[in-house]
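Shown next, in structure tokens, is the structure this report addresses.
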Amino acid sequence: MDAIRSGDLRFRPMYTTGYVLSELTTLILRKKGHEKAMDTLQRIRESPVVTVLHPDAAQFAAVCSEFGRFDDQQISFVDHSTGVLAGEVDAEHIFAFDSDFRTLGFSLVPDDIELPEK
């Protein structure tokens, strides 16, 4: 997180989705309160480093299709959304601790990628 904040992380450009931002904001609201949740939301939305993606109608249909296709998995709709949108921007890596993204064909940062020592 320090590398993201300082701009030293080598993965660029950086994306998130409106769905992930929703999950994050709700988590912070419950753990730290409304003020901290609003601050986090505002910082991410105004960040020159992070682009927030929202699916259009065709992408949303693709998410629904992918969710249906993985009927033998417990991969969340939000994770499928992230995977579809990441594919749209040719992302290879996902900053996550959820191994479901490997099932969707992505490598995880930091688990699968060697990061420089501090």
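Observations on the model:
- Each residue of segment 42-48 was assigned a 3J(HN,Hα) from its phi angle through the Karplus curve 6.51 cos²θ - 1.76 cosθ + 1.60 (θ = phi - 60°); the sequence is 5, 4, 5, 5, 8, 5, x Hz, with glycine and proline shown as x.
- Packing-based order for 67-76, 90-99, using average beta carbon neighbours within 10 Å, highest first: 90-99, 67-76
- FRET efficiency for the pair CYS64 and ASP112, taken as 1/(1 + (r/R0)^6) with r the Cβ-Cβ distance and R0 = 30 Å, rounds to 0.60.
- The magnitude of the dipole of segment 19-73, with charges of +1 and -1 set on the Cβ of Lys/Arg and Asp/Glu and taken from the Cα centre, is near 360 debye.
- All-pairs alpha carbon distance profile, segment 2-109, 5 Å steps from 0, percent: 2, 11, 20, 22, 21, 14, 7, 2, 0
- Label point 7 Å beyond Cα of THR26 along Cβ direction - residues of segment 41-85 with amide nitrogen under 15 Å: 76-82
- Between ASP72 and GLU35, the contour length at 0.36 nm per residue exceeds the Cα-Cα span by 9.3 nm.
- Contact order for the chain, expressed relative to its length and based on alpha carbon pairs under 8 Å spaced 6+ residues apart, stands at 20 percent.
None of the figures in this text is laboratory data; all of them are computed from the coordinates on show. Not measured: the values here are computed from a predicted model. No Cβ is skipped: glycine too gets one built from the backbone with ideal geometry, and neighbour counts run over all protein chains shown.
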